[in-house]
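Here's the structure we're looking at; comments come further down.
Read-outs: derived from the displayed coordinates by stated rules, not from any lab. Because the structure is a prediction, the values reported are computed rather than measured. Virtual Cβ from ideal backbone geometry, glycine too; neighbours counted across all protein chains shown.
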Amino acid sequence: MQVFRFAPATAALLGAVPLCHAQTPAMLDEVSVTATREARSTADVPQAIAVIGKDALAGKTMYNLREALQDIPGVLVNSKNGGFDARLIIRGAGLKAPYGIREIMVLRDGVPLTDPDSFTRLDFVDTQDIERIEVAKGPGNLFAAGSAGGAIQVISRSVFDDTANSARIGLGTQDTESVHLRYGGMISTTQALALTVSHRNQDNDWRAWNSFATTQTSIKHGWLLSDNDTLESELSYAEADMQLPGSMDAALFNEYLHNGRQADTAEPWKHSGRYSKVWFFNTRLEMVRGDFTFKPRFYYNTWHHYHPVTGLINDPSSWVSNIGTDLEGHWRHPDGTLVAGVSVRRENAPDQKKYEYRDVRTLPGGRILATLSDARGDLASTSDSESLLTGLYIQESWRPTERWIVDTGLRYDVIDMDNTTDEITQYSWALGRYVAGDGHTHTKKTFRLPAPKLAVTYKLGGGINLFAMIAQAAQVPSSGEVSSNPSLDASVSRNIEFGLKGRHRDWSFDASIYHTRVRDEIVQINTGGVTEYANAGQTDKKGVELAGDVAVGHGFSLGASTPGPTTPTTNSASRSGSASPPSTRTAPGTSCPTFRATSTAPMSPGPAAAGGPGWPD
């Protein structure tokens, strides 16, 4: 049992405890289940993937997913204040989202954190309870329902893993506090129990309206029903409060450079944030009967938030609920493996309400110059919405010889959206004030999303594998985009990719080249202060990715990576905007050195990755 592990920033508290130690690089291949739903070494997966394993995560100070994902080629991630508000881009997918994660499926232990309409919340992901993170880029994923950008799966620590027991206390600059406790073990010969409690707080008081705090608790239960059957369940609750600062203009940035502090923001909306409460339940059974394995899963989560954003404040009267099941089966036959299953998921968001800001400073004509608080004012709109996803998936992994693996698969999803809105008032971007709304509207839409894949892996020998893949996936519009334009179609991405993977005791590398063609890309158009959504003609995304590590002895390794996506070019009258560099800084702290040399060479200018202070919006 690991009793105490202090973060490096707490060195003054316990100087006798060794805080950093070199670990021998683990060049053994990681195992992935996200791309194929079959446990397979990453070298044998015919797709560009990355796995951040236990040893790699142990050397990172995990404030959010950014710290784990920032060195992966083709992946760009940033955060405004070090909280869970990570903005994620994979090969250009997610680029047009103004905040949060879109177009990318995010899962935790097989449970989708991404809504049926493709929006993702990370409120209840405890970064201190992560075993490994798997990233599968682009189309061709059996998990990614209605998301064409790829899939990221967070695998939490197993309830049966008593080596995961730990207690950590961390203190850092900007009033950063981090406390974590995980304790568990076998309570009988067949049952295990684990309790996890984590709390983190960052005041970030160098800038106004920039704090973040979260408290997460979890109880996991494991039951060995027999030698071949295992049942694991988890119940967790999280509260997360996050203030979102606005952008700086040149004058405010110069003020920051002069005195190291920032007391204002250039935007009228000075009190944006998200204050959420989340319940999460997940239970999964694994039954093995000879060559057949059955993996049924049931999950339910419900959440409520107070969410001031640009123009309006979201304050629902009822909790949003998300309930689903995934029935997965594996059959190992003499020539390979057949994986098939059914997914059903329903999200219900009743009695959702939006309000005007109560305290604002205005010009005589009513244009809002600045918010004075995040208190809600008059009711602006009410809505009831529901999304239902039903899906089938099947994949045959044929192994004609020891050198060949041929994956042929298909995922087919149907997503039904139903939304009723009564808009009393709305915020006019052109006038900068509240105006009459559109009244009562009802939108009902069905999307049918086929996602076929054909991929091949060939073992050249000497630890080198060659792979090729062609895959297609569809990106479902968000419920807000559909309400704005009911005629929207789902965009379709078709990806062709070739690559090499090398695995050796002392080195490893991954190289790939891809071309993704997107039809009917959903783009945002701003005309006369009115935001509209439309399908563009065509978008091409091309890139080359390369990552590698080599052991140099004495417990150290060197590595390099190139983020490969090009800036997408869109054949239409409009195109989505690019990401802004982050406008805030998080608590820097210190961490154990990884001795990793990183070479960054983007093929063309793209969205900026998260950085330290010195980036004005």
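Can you give the net charge of the other residues whose Cβ lies under 13 Å from the Cβ of Asp162, counting K and R as +1 and D and E as -1? If you can, show how the numbers build up before the last one.
Values: positive: Arg157, Arg182, Lys220; negative: Asp161.
After counting each charged neighbour, the total is +2.
Listed here are the pairs Lys96/Lys453; Lys453/Lys541; Lys60/Lys501; which of them are more than 22 Å apart at the Cα? Before the final figure, lay out the partial values.
Working: Lys96/Lys453 26 Å; Lys453/Lys541 18 Å; Lys60/Lys501 25 Å.
Pairs exceeding the cut-off: Lys96/Lys453; Lys60/Lys501.
From the backbone phi of region 483-496, what are the Karplus-calculated ³J(HN,Hα) couplings (6.51 cos²θ - 1.76 cosθ + 1.60, θ = phi - 60°) in whole Hz, Gly and Pro given as x?
Here the 3J(HN,Hα) series is 5, 6, 9, x, 8, 4, 9, 5, 7, 10, 10, 10, 10, 10 Hz.
So, how do all the Cα-to-Cα distances of region 121-185 break down into 10 Å bins, in percent, from 0 on up?
Values per bin, smallest distances first: 17, 34, 29, 19, 1.
Could you tell me how far the Cα centroid of region 385-464 sits from the Cα centroid of region 352-370, in Å?
36 Å
Which value in nm describes the separation of the simple spin-label points at Glu267 and Ala468, placed 7 Å from the Cα toward the beta carbon?
4.7 nm
Can you bin every Cα-Cα distance in region 136-287 into 10 Å intervals starting at zero and give me the percent of pairs per bin, rounded to whole numbers?
For region 136-287, the pair-distance distribution reads 10, 24, 25, 24, 12, 5, 1.
Within 12 Å, Cβ to Cβ, of His333, how many net charges do the neighbouring residues add up to if Lys/Arg are +1 and Asp/Glu are -1?
Here the charged neighbours net out to -1.
What's the Cα-based Rg to Rh of region 8-571, Rh via Kirkwood? Please report the intermediate quantities before stating the final value.
On the way: Rg = 24.3 Å, Rh = 25.2 Å.
Reported Rg/Rh, Kirkwood definition of Rh: 0.96.
Exceeding 27 Å between C-alpha atoms, which entries from my cross-link table qualify? They are Lys137/Lys459; Lys137/Lys295; Lys295/Lys353; Lys277/Lys444. Present the calculation step by step, with values, prior to reporting the outcome.
Numbers: Lys137/Lys459 21 Å; Lys137/Lys295 24 Å; Lys295/Lys353 38 Å; Lys277/Lys444 29 Å.
Beyond 27 Å: Lys295/Lys353; Lys277/Lys444.
Give a residue-ordered list of calculated ³J(HN,Hα) values for region 408-420 (Karplus: 6.51 cos²θ - 1.76 cosθ + 1.60, θ = phi - 60°; whole Hz; x for Gly, Pro).
Each residue's phi maps through the Karplus curve to give 10, x, 8, 10, 10, 10, 10, 10, 9, 10, 9, 9, 10 Hz.
For region 8-571, what does the relative contact order come out to in percent, with C-alpha contacts under 8 Å and a separation of six or more?
11 percent
Leu231: net charge of surrounding residues, Cβ under 12 Å, Lys/Arg +1, Asp/Glu -1, itself excluded? Please report the intermediate quantities before stating the final value.
Values: positive: Lys220, Arg284, Lys295, Arg297; negative: Asp229, Glu232, Glu234, Glu286.
Once positives and negatives cancel, what remains is 0.
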